[in-house]
Structures are given as C-alpha cells and as structure tokens.
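Below is one structure, written out as structure tokens; the observations come after it.
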Amino acid sequence: MKEEKIKVRRITSFKKGEKIFSSTGVSKLKITVDGVVEIIEIPICSTGITEIIESFSKNAPQPPVANIKVEPGTDMARDFGLTKKNWVKIPDYSDANYIKEKEKYDAKLGMTIMATGIAAEFLDEAGNKITDPDSISEILKSQGLSAEHFGQLVTDITNLTKWTEEERENFLG
C-alpha cells in the first residue's frame, strides 16, 4: 500500500492574490515502447477547474420533457404522491438526440478540464505558446493520447482536491 503524504496547514488569513486552494501533482501514465513499459509523469494542477465546471454547467444539454399519464395505484403515482389520474412531465433521458448531445458535452468538458489541468506548456511548431483547449486536445491526440490516458488525466486532475475513501477514513476518521 502506498503511503500518502499529508501535511496539515492551519490558515488564519486570506490575502487577495494568494492561491491557498491551488493543488498540484503529477499524473502517471503508462506507455509501452518496443515492448518496454514506461511511465510518463505529467504535471497537473487544479487551478481553474471549478470555474470550467461552473461555466460548462450553464450550457449543459437538457433532456426533452415527456408528458405521461399516471394512473392511481401505480408505483409512479405513489412516487409522486398522486391519488387521481394525472398527467406528469418527466425528463426523457433515453432520447437519442439528448444522449448524443450529452456525450458531446461530456467529451468537451473532459477535454477542457484536461487541457486546463495539465501544468505543462503547449507549443506550436514555431515555439509559440498554445492555450486554446481544442488545440491542446488536438496536440495530445496527435501524439497518441488514448482514451485510457484521457480518463486517467481527468480523474487525476479532479482528484487533486477530492478525498479518497481511504484518506477520509485514515486521516479524518
């Protein structure tokens, strides 16, 4: 079992401009080169991730609403507390267009989290800094970033500020 390093720091003041809540770390990704396993470490940070999630949530796709007739005595009537026949508006999460839009939204959110959370510079062929999340995503894809790498990076970035169950039990318990 890996020993986690946990340091306690008591905060007694908050000064404008300080980044007390900024978290940093590394994401360790597995690659295999000519049959030899290598681990590449990519520096990551949490700065800006909350803002991205808040910004994206404003434009999250919403499922269409279906009008459904609920008969008294059914499970649905009990769930809604209905005793008479009634029409109820229910989100249709199985709608094909909604599912497609939600998948695109989730992929774009994940790519933006990843592009923002990688604490390394991205440069074009001329050495100019690239900051656009779509361009960063394209660079990473062109360099062979797999779906597994993508998932690991996003998880590692979002986990910088989340307690694991084990940490919660052992440290906060």
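The values are calculated or read from the model by the stated rules, or taken from the named source; none is laboratory data. Not measured: the values here are computed from a predicted model. Cβ: placed from backbone, ideal geometry, glycine included. Neighbour counts: every protein chain shown.
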Taking the range 81-114, which residues are of a type in the set (A, V, I, L, M, F, W, C) and touching a residue at least 24 places away in the same chain (Cβ under 8 Å)?
ILE90, LEU109, MET111, ILE113, MET114
Between residues in the range 20-36 that are over 16 Å from GLY144 (Cα atoms) and part of a loop (DSSP other than H, G, I, E, B) and residues that are at pLDDT below 90 and of a type in the set (S, T, N, Q), which pairs lie under 6 Å by C-beta distance while being six or more apart or on different chains?
SER22/THR47; SER23/SER46; SER23/THR161
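Answer yes or no: is there a residue in the range 95-102 that is more than 30 Å from VAL65 (Cα to Cα) and either acidic (Asp, Glu) or out of contact with any strand residue (DSSP E or B) (no Cβ under 8 Å at 6 or more places or on another chain) (or both).
Quick first cut of the range 95-102, residues more than 30 Å from VAL65 (Cα to Cα) only: none.
Within the range 95-102, not a single residue is more than 30 Å from VAL65 (Cα to Cα) and either acidic (Asp, Glu) or out of contact with any strand residue (DSSP E or B) (no Cβ under 8 Å at 6 or more places or on another chain) (or both).
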Qualifying residues in the range 53-72 (those that are surrounded by 10 or more Cβ atoms within 10 Å (Cβ to Cβ) and either of a type in the set (Asp, Glu) or over 30 Å from PRO133 (Cβ atoms) (or both)) - the one nearest to the chain's Cα centre (by Cα)
VAL65
So ASN86 passes all but one of these: (1) surrounded by 12 or more Cβ atoms within 10 Å (Cβ to Cβ); (2) under 30 Å from ASN159 (Cα atoms); (3) polar (S, T, N, Q). Which condition number does it fail?
(2)
What are the pairs, 6+ residues apart or on separate chains, where a residue within the range 126-142 that is in contact (Cβ under 8 Å) with a residue 24 or more places away in the chain and surrounded by fewer than 15 Cβ atoms within 10 Å (Cβ to Cβ) has its Cβ under 7 Å from a residue that is part of a helix (DSSP H, G or I) and not β-branched (Val, Ile, Thr)?
none
Go through the residues of the range 96-104 one by one and say whether even a single one is within 26 Å of LYS30 (Cβ to Cβ) and surrounded by 13 or more Cβ atoms within 10 Å (Cβ to Cβ).
no
Of these, THR47, THR12, THR24, which one is of a type in the set (S, T, N, Q) and farther than 20 Å from VAL154 by Cα?
THR12
Considering residues that are touching a residue at least 12 places away in the same chain (Cβ under 8 Å) and either within 12 Å of HIS149 (Cα to Cα) or part of a loop (DSSP other than H, G, I, E, B) (or both), the number found within the range 37-48 is 6
